[in-house]
Amino acid sequence: MVEAKKQGQEEMSNEAKIINLMQFARKAGKLSTGVDACMRELHHKHIHLIVIASDTAERTVNRVKHELRELNSRIMTISLSSQSELSAALGLPLTGVFGISDKNFAAKMIEYWQS
């Protein structure tokens with residue numbers, strides 16, 4: 001029981017770390033927000049990671065995954081938090097899809113996600 005709580009807390013801290021890195025990426029100009037902007041950057045091969053809010057519409061998620069399949073892209077997508085939590089943390093209007101265009105930010109976020 002105690003181990004389960006520790007794992008839950010660790011996941012929350014990793015999620016908080018990912019959101020923190022997203023805030024840094026936004027300040028550095030390495031964050032694309034919204035489906036259309038992310039798809040445009042994806043076509044220009046500027047995106048290294050896509051973050052999708054867990055409560056994003058299924059149609060939007062399918063659109064992103066379809067684009068990734070069409071481009072034979074190996075870009076990873078991660079799902080976390082809610083649109084309202086992510087948007088509030090980043091100081092943005094309600095948004096469900098975020099693209100990270102910096103390789104180092106993306107690599108660290110993937111590392112936190114997988115641990």
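Between the helical axis of 2-27 and the longest alpha-carbon principal axis of the chain there is an angle of about 40 degrees. The C-alpha atoms of the chain define a longest principal axis, and helix 103-114 lies at about 40 degrees to it.
About the centre of its Cα atoms, the range 2-114 shows a dipole size close to 340 debye [charges on the beta carbon of Lys, Arg (+1) and Asp, Glu (-1) only; nearest 20 debye]. Cβ crowding within 10 Å ranks 79, 101, 115 as 115, 79, 101, fewest other Cβ atoms first. Dipole orientation for the chain: of the candidates 22, 105, 53, 105 has the Cα lying most toward the positive pole (charges on Cβ; Lys, Arg +1; Asp, Glu -1). In the chain, helical runs assigned H by DSSP with n ≥ 4 each contribute -39500 (n - 2.57); averaged across all residues and rounded to the nearest 500, the mean residue ellipticity at 222 nm is -19000 deg cm²/dmol. By the beta-carbon count within 10 Å of each Cβ, the least crowded to most crowded order of 81, 73, fewest first, is 73, 81.
Every read-out reported here was derived from the displayed coordinates using simple, explicitly stated rules and does not represent laboratory data. Computed from a prediction, not measured in an experiment: that's the story for all the values here. Positions of Cβ are generated from backbone atoms using ideal geometry, with glycine treated the same way; all protein chains shown enter the neighbour counts.
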